[in-house]
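For reference, the structure discussed in these notes is given below.
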Amino acid sequence: MQQTQQIRNAPLERSRTGKKFPIGTAFVYLCLILWALTTIYPMFWIINNSFKLSNDVMNDSFRIALSPVLTNYETAFERINIGRAYGNSLIMSGSTVLLVLLFGGLAAYVLSRFKFRGRNALNSLLIATLLIPAFATVVPVYELLIQWDLVNKYWGLILPHTAGNLTFAILVMTAYMATIPKELEEAAFIDGCNRFTMFTRIFMPISRPVFASASIFVFLWSYNDLFSALIFVNKENVRPIVALLNEISSQYGTDFGLMASAVSLTVVPVMIVYLFIQKYIEKGMTEGAVKG
């Protein structure tokens, strides 16, 4: 009797096992693997060539660097002063992130927890500003920076980046804070919290995932913005890393090893930071998507 029951359950178990890896899922994974290779291989190619001399890169750029050299990295720090450009990028992008999180977090708290006349119109206006291309505002922004004497200074790039990324941060954080239960807010009022204390002690700790996701996106957009960097801060003492890369490609166009090392130094640190906080990014971008 027991053997008969096992024979009856065998096809069911095989069908359940087969459902774990259907053809459709296998095809999706195959597409994702191929897409990942198209992204990972160019990065490996850049890092690999950064450990070769320029002649070796030109003769056989696809060969693995079995005898790596650090000449390109030494040249990057000594001849083109990439360390200074690194510091400029971190100062300007880091300051942009702090300002966006501060003002964006306060604005998101007001929009998500307060009911006032014109709130819907304000939300619509924020969404509409996303449709304005960045290059359309270059002339008036540049004139303002000239009047304020901020061209070729750190604030000359921090303020435009803060204004440009603030709308995105407000919309994302507003959607997340709207999902926080009102009972938690009422309990905080009973315990004697005022609005500012509630924001700093309750809403900010709960909203850490969305703050993390907004910060990495704002940092990347500010870090990689070559267009604004070439216009607002084009002097060597305040030039960010992306502007330095543009100069390397024009002045040292034949030195492919140096270019590969400069690109590696620019991209790899950002990838490492992303790997450490990717769980917060995924949670922050999806938590406020569905209310329930």
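The values are calculated or read from the model by the stated rules, or taken from the named source; none is laboratory data. Keep in mind that what you see is a predicted model, and the values were worked out from it rather than measured. Cβ placement follows ideal geometry from the backbone for every residue including glycine, while neighbour counts extend to all protein chains displayed.
Residue count for region 249-292 satisfying the condition of being at pLDDT 75 or above and among the β-branched types (Val, Ile, Thr): 6.
In this structure, is VAL69 at pLDDT below 85 and over 30 Å from the mean Cα position of the chain (by Cα)? Against the criterion (at pLDDT below 85 and over 30 Å from the mean Cα position of the chain (by Cα)), VAL69 does not qualify.
Contact map, region 209-235: first residue assigned by TED's automatic domain parsing to the domain that holds ASN88, second residue of a type in the set (A, V, I, L, M, F, W, C) and outside any helix (DSSP H, G or I), Cβ cut-off under 7 Å, separation 6 or more or different chains; pairs are PHE232/VAL151.
Of all residues in region 145-162, which are of a type in the set (A, V, I, L, M) and either under 12 Å from ALA108 (Cα atoms) or surrounded by fewer than 16 Cβ atoms within 10 Å (Cβ to Cβ) (or both)? Scanning region 145-162 gives a single hit, ILE146. Regarding region 70-81, can at least one residue be identified that is part of a helix (DSSP H, G or I), in the same structural domain as ALA262 (by TED's automatic domain parsing), within 23 Å of PRO205 (Cα to Cα) and not polar (S, T, N, Q)? Scanning region 70-81, I find no residue that is part of a helix (DSSP H, G or I), in the same structural domain as ALA262 (by TED's automatic domain parsing), within 23 Å of PRO205 (Cα to Cα) and not polar (S, T, N, Q), so the answer is no.
Being surrounded by fewer than 13 Cβ atoms within 10 Å (Cβ to Cβ) and among the aromatic types (Phe, Trp, Tyr) is the filter; apply it to region 163-201 and report the residue that is farthest from the chain's Cα centre (by Cα). Checked region 163-201; the qualifying residue farthest from the chain's Cα centre (by Cα) is PHE189. Against the test of being of a type outside the set (D, E, K, R) and out of contact with any Lys or Arg (no Cβ under 8 Å at 6 or more places or on another chain), the options VAL69, VAL110 yield a single qualifying residue, VAL110.
Among the residues of region 27-36, write down those that are of a type in the set (A, V, I, L, M, F, W, C) and modelled with pLDDT of 85 or more. If the condition is that a residue be of a type in the set (A, V, I, L, M, F, W, C) and modelled with pLDDT of 85 or more, then PHE27, VAL28, LEU30, CYS31, LEU32, ILE33, LEU34, TRP35 are the ones that fit.
When you look at LEU102, is it assigned to a helix (DSSP H, G or I), hydrophobic (A, V, I, L, M, F, W, C) and in the same structural domain as ILE231 (by TED's automatic domain parsing), yes or no?
Answer is yes for this residue.
Does GLY87 satisfy being assigned by TED's automatic domain parsing to the domain that holds LEU265, out of contact with any Leu (no Cβ under 9 Å at 6 or more places or on another chain), surrounded by fewer than 18 Cβ atoms within 10 Å (Cβ to Cβ) and at negative phi? For GLY87, the condition - assigned by TED's automatic domain parsing to the domain that holds LEU265, out of contact with any Leu (no Cβ under 9 Å at 6 or more places or on another chain), surrounded by fewer than 18 Cβ atoms within 10 Å (Cβ to Cβ) and at negative phi - is met.
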